[in-house]
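Step one of this worksheet: look at the structure below.
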Amino acid sequence: MKSKAETKTVEDFFGPVISMYTRQNALDDGVLVDVSEMAREAGFKIPVAVTRAVWHDCIDWPEDAEQGFGQSIDGRMWDVLYMAWFEIRSTRDHEDDLLYQLNVIPIDIKADADEDDGLAELVTLKVNIGGGDNGEPVLTIMKPDED
C-alpha cells in the first residue's frame, strides 16, 4: 500500500496551474520567430523557431541598407539554419542543447565600412531540441544565455 505522500501529484503540492505560456503563445507574441519553412529546405524535419534575439542579431537585415555587403534576410537565415543542421549532423553525442558557431556581419555596421575590413563576427548559438505544446519534437535556436 502506498503512503499518502507517494500518491500526491505536483498539483496536489503546488495547487492548480494559474497560467501557462506555451510555445504557440511565444510565436504569437513574437518572442519566437517561426523559420520552419526554410528549415525544411535546409534538411530539418521538425518545426524550427529562433528567438527574437537571434532574429535581430543574426538574421534581420534592413532592405534599405546603403551598403548591403551581399546580405539579405533569406541568406542570413539560411546560414543560421544550415550551420545548425551541419552541427547536429556532425555531432555524435546529442544532448538537449548543442552549441555551434558561425560568422555574422552585425546589423549595426557603420555605413562607411568596407567589405574588406573583416566585418564578420564569430557568434555562438545554441540549438535546443525539446517538446512542443503537445509533446511533439521541436527545435529552437537561441543565444547561449537564453532558455
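Per-structure values
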quantity: Alpha-carbon Rg with Dmax, taken over the stretch 19-142, Å; calculated: 15.5, 51
quantity: Dipole-positive endmost among Ala53, Gly131, Ala42 within the stretch 19-142 (Cβ charges, Cα centre); calculated: Gly131
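Rule-based calculations on the coordinates, nothing more; no lab input. What you are looking at is a predicted structure, and each value in this text was computed from that prediction instead of being measured. Note that we place each Cβ from the backbone using ideal geometry, even for glycine, and neighbour counts take in every protein chain shown.
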